[in-house]
Amino acid sequence: MTNMNLRKFLSENKIVALLIVVGLIWALFGYLTYNADTGVSGFLTARNFSNLLRQMAITGILAAAMVFVIVAGEIDLSVGSLLGLLGGIAAILDVVYGWPLAGTISFVLLAGAALGLMNGWLTAYLGIPSFIVTLGGQLAFRGAVLGLTGGITIAPVSPSLRYIGQGYLPGWFGNGCAIALFLLLAFMAFRTRRKRLQHSLRVPTPVMEVMKLVGIGVLILGFVLVLNSYQGIPVPVLVLLFVLGIFTIIAKGTVFGRYIYAVGSNAEATRLSGVNTNLVKMVVFGLMGLMAALAGLTTTARLAAGTPSAGFGGELDAIASCFIGGTSMRGGVGSVIGALVGALIMASLDNGMSMLGVDTFWQQIIKGIILVIAVYLDIISSGVKRL
Amino acid sequence: MSEFLLEMKNISKSFSGVKALDGIHLKVRRGECVGLCGENGAGKSTLMKVLSAVYPYGSWEGEILWEGRELKASSIRETEKAGIAIIHQELMMVPHLSVAENIFLGSEISNRGFLDYDAMNARAQDLLAKLNVHDINPALPALNYSGGKQQLIEIAKALNKDAKLLILDEPTSALTATEIRTLLDLIKNLKAEGLACVYISHKLEEVAEISDTVTVIRDGTHIGTRPIGELTTAGIVTMMVGREMKNLYPKEDHAIGGVVLEARNVSCWDVTNPERKVVDDVSFQIRKGEILGIAGLVGAGRTELVSTLFGAYPGSHRGSVHLDGREITIRSPRDAVKAGICMVPEDRKRSGILPIIGVGHNMTISVLNRFAAFGLIDEHEELAQIQAEILRLKIKTADPMLPIASLSGGNQQKAVLSKMMLPDPRILILDEPTRGVDVGAKYEIYKLIFALAKAGVAVLMVSSELTEVLGISDRVLVIGEGRLRGDFVNDNLTQEHVLAAALGQTTQMA
């Protein structure tokens, strides 16, 4: 019976199950990289933690928007190439034309949203399957970046642009953010509880609720303290956290978010309910384009250069993160936080295996196997076949 | 040899502690047809799943005797081999395979691993001929044939497997009247040849016509088994609901006002066959507070007509819609809802519910902006509305956030109704609002319809159940082969009248 209860708890709190997986992976790499002479494990250092998060930021930004695309019942295979194209444009504007940072950022974001909306328009209004539209986009955008850059690396980008990808926030700022975030979450939990009680709905016991808040508090505190003990919160990680917050609010609290899940659950019924389902889908692709732009800017800033191969395969990492994080292939189900933890799992594997000097080919094989196993575990834990 | 082909004794089955079946008996003689009746959720399907070993031996209690010997089947293959064939409510045809390929699916005639199409086609032809069906070409894809014909193909498939007992689960819910006739006659013939059958249906007239005995179950318990001669359809209903249903239609007086909506010269063309007209120049008016029934046979173009008014018809169409005397353009369901026209669609599963979304969120999807400021939903306000609706419509759900697919058909339908009532429509179109809904929920849906009419809403109801159309409508439109064949005030109107008009036998307009 306790086994059943545990299973039920994990299937209702997928995020906890995923975090346990993260913990296991970290423990494993921590053990494997332990150096008996220094008494330190190479994987479990503040410096590596900071690097790890920075590595996952780009995939995470893409995955956050990819969740919406998949929940709406579509797919976007073009984001890796789109990231490359927009990152390349950012580099050209910055290096060749010397645009001010604000101008570069606004132009790239607008271009990303516009190209995303174009994908969405072709899919929703012209009825071309998104798989085909974005497969075409994958080829075309990659071709465009090769043409624009002439196939060469464009460097060096200005220091202000570099800050977006390489900078750190001062410690006091990180602490302030952490406290504000915790207070906000505590307030929201309290408000939700009060409202659910008002409507005599099921609520977790107060002990559970407090434990949950304490758990979140410890996570946030640990997170900030560890990062501050190195150099502070990396700018891309802060950007990712903002994206996480905004996308979670869109998913859970807005009319638009509700429509995304409704379209994914049953598009025909949603349309017959008077919802403009085509517009919903188009805007979802627009958001995806916007996030590809953000990821492109971050990539160029991090590499301090625009390279024609930037973002190659990025769409697959983002899609894999969503599926590891519990998004359903059939649409209608998925969470932003889940996808980000999925991205964290992928980044941890990359980082840990590189540190151990595992050959790249083995890294790919192992990541592939982990993806399949993760989705299988999710299927058996929820007791429902997703396909 | 035993007197009975099948004896199910004292069958009980529980799902995680909840008893779905509790001591059911069912006996079938050779050549006998047993009608199995009960409300939705009474346990009919569960009983048939026990019989066909969808729930294998050991997962239920009791005893099944098949030709006098105990049957301990662990899979459908075994029960099929024994001679038990089920024909499901939803047809299990593979549309792009040929009729013969469908009939022999899983038991193909082959020669050294290669399919012997000639043998299969010939044998399919023989089987269909046995059923007195001569207008089906076994070599053509199954999708070429209508629901009724596909039903016959399913029966041919069962005969091919030497079925001794045929279980028909709501076989006529998607058939036209002529197709129903053919099917019922066919079952009678098969009975005469010694085939036994269990006939599950909500359509009691059909049950009464072909059954020899009727078994009624309610809430998983055995209510009674009686020869059909001792029963009337009203008697069966009483057994099913456990109380006297004197008045199936809770008629309430409601005032009828001026014309709200007028449709002029509406024509629609088939989506897949754009040459064919499915609605041909239909015009009508509907008044404030009026319940207008649309009767006609399945396939007459009724759904096409009303979905055109709602802006949901995918094919090409023509005609104009006038609201309060002014012409309006409706290009999408969104336009319609904005103009005050709402529609509860025919196929609940396909186009009514958002299955994995909560019941409450299903109900508010059309009016979310009402609870939102700058796109952010005020959950508090939304929940208040949801709970009020759940109380008002008596929707049975443990939690308003439970996925709607986990509710019974009647409760799902009530939630879909609520969704389309929340926008406060002036015209509400209901396409088969009580299909697949049990008697109790039906009664409540009728009450809602009358309450709406009383509040001044014009209700346009398409229904294939004539008794229902006559039971609640103020006026009845009859559509036949896409044309308006009658517009009757529902005053001493009889089923014969309506049916005759639908078949084009009369042309008078009342």
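The values are calculated or read from the model by the stated rules, or taken from the named source; none is laboratory data. Keep in mind that this is a model prediction, so the values were computed, not measured. Neighbour counts are summed over all protein chains in view; Cβ atoms, including those assigned to glycine, are modelled from backbone coordinates with ideal geometry.
Tabulated data
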read-out	value
Selected residue (criterion: farthest from the chain's Cα centre (by Cα)) from residues of segment B:418-451 that are in a helix (DSSP H, G or I) and small (Gly, Ala, Ser)	B:Ala451
Qualifying residue in segment B:266-282 (condition: surrounded by fewer than 19 Cβ atoms within 10 Å (Cβ to Cβ), part of a helix (DSSP H, G or I) and of a type in the set (A, V, I, L, M, F, W, C))	no
Checklist (1) part of a loop (DSSP other than H, G, I, E, B); (2) touching a Cys at 6+ places or on another chain (Cβ under 7 Å) applied to A:Ala339, failing item	(1)
Complete set of residues in segment B:366-402 that are in a loop (DSSP other than H, G, I, E, B), modelled with pLDDT of 90 or more and within 7 Å of chain A (Cβ to nearest Cβ)	B:Ser366, B:Gly375
Unmet requirement for B:Gly410, which otherwise passes all of (1) away from chain A (no Cβ under 11 Å); (2) under 30 Å from B:Asp270 (Cα atoms); (3) in a helix (DSSP H, G or I)	(2)
Pairs where the first residue, in segment B:78-103, is in the same structural domain as B:Asp162 (by TED's automatic domain parsing) and the second is basic (Lys, Arg), C-beta under 7 Å, 6+ apart	B:Glu80/B:Lys161; B:Gly83/B:Lys164; B:Ala85/B:Lys161; B:Asn102/B:Lys157; B:Ile103/B:Lys157
Selected residue [within 14 Å of chain B (Cβ to nearest Cβ) and either closer than 29 Å to A:Arg258 by Cβ or modelled with pLDDT of 90 or more (or both)] from A:Gly334, A:Gly306, A:Gly368, A:Gly314	A:Gly334
Those residues of segment A:299-313 which are of a type outside the set (A, V, I, L, M), in a helix (DSSP H, G or I) and crowded, with 24+ Cβ neighbours inside 10 Å, in sequence order	A:Thr299, A:Thr300
Residues satisfying the stated conditions in segment A:267-276, i.e. on the phi < 0 side of the Ramachandran plot and either free of Cβ contacts under 8 Å to residues at least 12 places away in the same chain or surrounded by fewer than 24 Cβ atoms within 10 Å (Cβ to Cβ) (or both)	A:Ala267, A:Glu268, A:Ala269, A:Thr270, A:Arg271, A:Leu272, A:Ser273, A:Asn276
Test result for A:Tyr168, among the aromatic types (Phe, Trp, Tyr) and buried (at least 16 other Cβ atoms within 10 Å of the Cβ)	yes
Answer from A:Ile15, A:Ile20 - the residue that is modelled with pLDDT of 85 or more and either of a type in the set (A, V, I, L, M) or not assigned by TED's automatic domain parsing to the domain that holds A:Ala318 (or both)	A:Ile20
B:Ile180 vs. criteria at pLDDT 85 or above and assigned by TED's automatic domain parsing to the domain that holds B:Gln89	no
Residue count for segment B:30-44, restricted to those that are farther than 21 Å from B:Glu3 by Cβ and buried (at least 20 other Cβ atoms within 10 Å of the Cβ)	6
Enumerated strands (runs of 3 or more DSSP E) restricted to segment B:304-352, each holding at least 1 residues that are aliphatic (A, V, I, L, M) and within 15 Å of B:Leu460 (Cβ to Cβ)	B:317-323, B:341-344
Selected residue (only one of B:Gly315, B:Gly325 is more than 7 Å from every other protein chain (Cβ to nearest Cβ), farther than 29 Å from B:Ile395 by Cβ, surrounded by fewer than 18 Cβ atoms within 10 Å (Cβ to Cβ) and in contact (Cβ under 8 Å) with a residue 60 or more places away in the chain)	B:Gly325
Top-ranked residue in segment B:334-391 [being surrounded by fewer than 16 Cβ atoms within 10 Å (Cβ to Cβ) and of a type in the set (Lys, Arg); ranked as nearest to A:Ile249 (Cα to Cα)]	B:Arg370
Residue in segment A:249-258 that is among the charged types (D, E, K, R), more than 8 Å from every other protein chain (Cβ to nearest Cβ) and closer than 18 Å to B:Gly360 by Cβ present	yes
Test result for B:Ala300, more than 14 Å from chain A (Cβ to nearest Cβ), surrounded by 24 or more Cβ atoms within 10 Å (Cβ to Cβ) and in a loop (DSSP other than H, G, I, E, B)	yes
